[in-house]
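The values are calculated or read from the model by the stated rules, or taken from the named source; none is laboratory data. All of these numbers come straight from a predicted model, not from anything done at the bench. A quick note on method: Cβ atoms are made from the backbone with ideal geometry, for glycine too, and the neighbour counts reach across all protein chains shown. Each accessible area value is taken on the protein alone, full model and side chains, heavy atoms only, with ligands, DNA and RNA left out. Shrake-Rupley method; radii C 1.70, N 1.55, O 1.52, S 1.80 Å.
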Amino acid sequence: MGKATTQRKGDTVRAISLPADFRIAALDEVKASLVEALDVPAVQIDGAAVERVDTAALQLLVAYRREAVARGQAPAWQGASAAMREAAAVLGLVQALELPATTPA
Amino acid sequence: MSKAALAQFQQVFIEESLEGLDTMESSLLELDNGGDAELVHTIFRAAHSIKGGAATFGFPEMSSFTHEAESLLDEVRSGKRAIDGAIIELLLRTVDCLRAMFARAQAGEPLNDTVAEALRNELAAAMGRGAPAGAVQARRNVDQADAWTIRFRPYAGMLASGNDPLRLIRELGGLGELTVTPEFDRLPATLAALEPGECHLGWTIELKGPARRADISGVFDWVEDECDLSIDARHVVTEAAPPPAAAPAAPAPAAAAPVADAGAARAQREASAESSSVRVSIDKIDGLINLVGELVITQSMLDTFREGEIDAARLAVLEQGLAQLARHTRELQESVMGIRMLPIASVFNRFPRMVRDISQKLGKQVKLELVGEQTELDKTVLEKIGDPMVHLVRNAIDHGLETPDKRRAAGKGDTGTLTLAASHRGGSIVVEVSDDGAGLNRDAIIGKAVQRGLISSGEGMSDEAVADLIFQPGFSTAAVTTDLSGRGVGMDVVRRNVADLGGTVTIRSTQGKGSVFTITLPLTLAIIDGLTAAVGEERYIVPLVSIVESVQLKGDAVRSVAGGGELFRFRNEYLPVIRLHDAFGCQDAVRGIDEGLMVVVEGDGTRVGLFVDGLIGQQQAVVKSLEANYRRVQGVSGATILADGSVALIVDIAGLVRLQARRKAA
């Protein structure tokens, strides 16, 4: 595990898995996938595997969501790890990220 | 940085800053006496170091306070402003205020108080900027509150330097309950424009829970330069009333505060001050290492005697080795004691300021001379000699030295001379406080003593005996009671304080010529000279300084009096008897007066007869604290270990007298 992986499901739904080490050094790659995903109507982000996360990573997600919502998309969470939810809570970003309460099994 | 490590650095910083403040003070005083411009630079440098250190070690209040003084000094330094008496006065008060702040920092109390606040405004006003807007300033300077609003806006580059707001806010959460509201206004409009390594978020954090400003700003210590930060108290805790010691009537530093002022906080502060560190020169340490090396060599040499027969030739070598061991041990002991020895200059240095303040207040001209500042004495003694000296110096200026016109009338120069001198004399240190003032007024003292009922008349009394009267509790001859002295608290306190240190105070005075107060103190409190007394199976050490003499009495010399006490006649006075075996509950002691020995001792200004079986001999006793190893015992000041390995208690004469008085009362 490590890199963000993009999986194509036809042309309508795209799933993006966030890396285990989701921190400042890994963000360029994630950003590229997210920018690309802005053109796709339905995106599912999977944060279940994230073990380490920092402010820069969450800031990236916030920026992505803002633009996506502005474009009329509805990015959905496929999962979010405890580490991500805790970090988002500390930074007051739970609402902005619309994180799911618990990780779906 | 861990809390413990930071605390350690803070301690070093505080000590260095206090030294810096001493430098500032002495330079300011020199400047006041017409010193050169180089002094301004010295003062500026000291202030600058304190400011920088305070900011680094988490004392932002102190840093901003010093900043005001520094700005003022900078103007003086660059010649924009001429230095005058008013500025020196202001800066001297700044030094006092900073000292008080450091004392509060050591005690873990809020740094700012109303005095600091007022002084900061004065400094700002002197700079011509007027006081900063009151309300905001007051809110900003609150140190303790139940709720805080923290606005935290990192600069874009903060993340790249490895500082993550996530960690900072998490740490802040340790101080109380947080409500974190993010701010997105700086976030780029498009994702593509976002540089992931830059920080574009900001936060407003509501912190609920009692916290100190320093704790909060401490969290952001390392990112100070990388963010905009404001910390505002929302709900202020009512602070305790400012300490009364801050009143301008107390010219001496905290340590010289009146003895009566005994709050719990003060005790705590004293405790922390007394447990502080001591600086030792590398030379002394090297000397110690050298001596320990010698000891190891001697020990290994003696070790060879474990094996083989010891014949005459080897015996001579053995004796030589033992002699060496004894010498090295003694030298080692002296060197170790030497570590605790510090020059008395640190005590003397507080006086130029005090003398200046007091003489100005009283309209007297005083020249202070310091002699023997480098004389070294034990740190513990050093810390405790300050208070008695303050009393003596105040007395000398207030009662001793005359006003200029009186001096002229007496045919003396306008300016009086006050001399503080320290020197070693045998195993003691002698500190003299002398003035060329009016001297003790024999008639006034006798008049007062008669009025107080201390004596019936002064006839036939020697000058020494008359002078000794001023050490009686509640004795003061000052016609007018000033706030400096004359409240009747003074000389008796001096004598008691010095006696607590195992020393004595004497006066030599010539009417019209001046007085000399001489304090004689032991070099160290760690070793005392004492006589070993036998009481039954037990051995007690009676400190030599408190022994007047010892006499063998006839059985009928001691009389019982009503109330259960015993008295005996000693040189025209009747002294109470304390039977040591009764006081300490010893078995098998001699009971008949003619079989034992009466040791006349003096403690707390009173003489008593101490009845013991006999005196064994004189010895130096290394004092082991009973308090540290067991607990405090009334009537005993410590313990020592005798040559045969048994433990002997050291008698505390003053404590014993008090103990006996209480028992009698009960």
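From largest accessible area down, sort B:VAL612, B:VAL12; use a 1.4 Å probe on the protein chains.
Highest to lowest solvent-accessible surface, that is B:VAL12, B:VAL612.
Within the full protein context, the accessible area of B:ILE83 is estimated at about 60 Å² for a probe radius of 1.4 Å. Figure note: B:GLU117, B:GLU383, B:GLU307 ranked by solvent-accessible area, largest first, 1.4 Å probe, ligands and nucleic acids not counted: B:GLU307, B:GLU383, B:GLU117. Over the range B:139-236, the Kirkwood radius and the radius of gyration, each from Cα atoms, give a ratio Rg/Rh of 1.00. If I take R0 = 56 Å and measure r between the Cβ atoms of B:ALA7 and B:ASP556 in this structure, what FRET efficiency does the formula 1/(1 + (r/R0)^6) give, to the nearest 0.05? According to the calculation, E is roughly 0.25. Which angle between 0 and 90 degrees, to the nearest 10, do you get for helix B:379-395 versus the longest principal axis of chain B when only C-alpha atoms count? Taking Cα atoms only, the helix is inclined about 90 degrees. Residue pairs exceeding 24 angstrom between C-alpha atoms, taken from B:LYS284/B:LYS379; B:LYS448/B:LYS664; B:LYS364/B:LYS513; B:LYS364/B:LYS412; B:LYS624/B:LYS664: B:LYS448/B:LYS664; B:LYS624/B:LYS664.
Ligands, DNA and RNA excluded, the heavy atoms of B:ILE339 present near 40 Å² of accessible surface to a 1.4 Å solvent probe.
Rounded to the nearest 20 debye, the dipole magnitude of the protein assembly as shown is 1560 debye, with +1 charges on Lys and Arg beta carbons, -1 on Asp and Glu beta carbons, and the Cα centre as origin. For chain B, the relative contact order comes to 7 percent (Cα pairs under 8 Å, sequence separation of at least 6).
In summary, the aspartates and glutamates within cross-link reach of B:LYS361, defined as a Cα separation below 15 angstrom excluding same-chain residues under 8 places away, comprise B:GLU89, B:ASP398, B:GLU402, B:ASP483.
Residue separation of B:GLU195 and B:LEU642 scaled by 0.36 nm, minus their Cα-Cα distance, works out to 153.1 nm of gained length.
Per-residue SASA remark: B:GLU19, around 90 Å² accessible (1.4 Å probe; ligands, DNA and RNA not included). Remark: the range B:294-301, residue by residue, has Karplus-estimated 3J(HN,Hα) of 4, 4, 5, 4, 4, 4, 5, 5 Hz, where x stands for each Gly or Pro and the curve is 6.51 cos²θ - 1.76 cosθ + 1.60 at θ = phi - 60°.
In the protein assembly as shown, one over the average inverse separation of all distinct C-alpha pairs is 32.8 Å, which is the Kirkwood hydrodynamic radius.
Per residue, how much accessible area does the protein assembly as shown show when a 1.4 Å probe rolls over the protein heavy atoms, in square angstrom?
Per-residue accessible area for the protein assembly as shown comes out at 49 Å².
Phi-derived couplings, Karplus 6.51 cos²θ - 1.76 cosθ + 1.60 at θ = phi - 60°, listed residue by residue for the range B:94-100: 4, 4, 4, 5, 5, 4, 4 Hz, with x used for Gly and Pro. Each residue of the range A:37-52 was assigned a 3J(HN,Hα) from its phi angle through the Karplus expression (A = 6.51, B = -1.76, C = 1.60, θ = phi - 60°), giving 5, 4, 8, 9, x, 10, 10, 10, 9, 10, x, 5, 8, 5, 9, 10 Hz with x at Gly and Pro. Near B:GLY202, the amide H atoms lying under 5 Å from its own belong to B:GLU183; only residues 5 or more places off or on other chains count, and H is placed 1.01 Å from N. Rg and Dmax over the alpha-carbon atoms of chain B stand at 31.7, 111 Å.
Chains A and B together bury some 2000 Å² of accessible area, summed over both sides, with a 1.4 Å probe. Amide H to amide H, with H built 1.01 Å from N, A:LEU91 comes under 5 Å of no residue 5 or more places away or on another chain. Label-to-label distance, B:GLN618 versus B:ASN441, with points set 7 angstrom from Cα along the beta-carbon direction: 4.3 nm.
Largest first, the residues B:VAL371, B:VAL355, B:VAL551 sort by 1.4 Å accessible area into B:VAL371, B:VAL551, B:VAL355.
In the range B:335-433, taking the dipole from charged Cβ atoms about the Cα centre, the farthest positive-side position among B:MET341, B:LEU362, B:PRO352 is held by B:LEU362.
Could you work out how much longer the chain between B:ARG591 and B:HIS424 gets when fully extended? Use 0.36 nm per residue separation minus the Cα distance between them, nm to one decimal.
55.8 nm
Model label points for B:GLU319 and B:ALA37, set 7 angstrom from Cα along the Cα-to-Cβ axis, are 7.4 nm apart. Net length available on complete extension from B:SER78 to B:GLN634 is 194.0 nm, with 0.36 nm assigned per residue and the Cα-Cα distance removed.
The simple spin-label model puts a point 7 Å past each Cα toward its Cβ; for B:GLU566 and B:LEU295 those points are separated by 4.5 nm.
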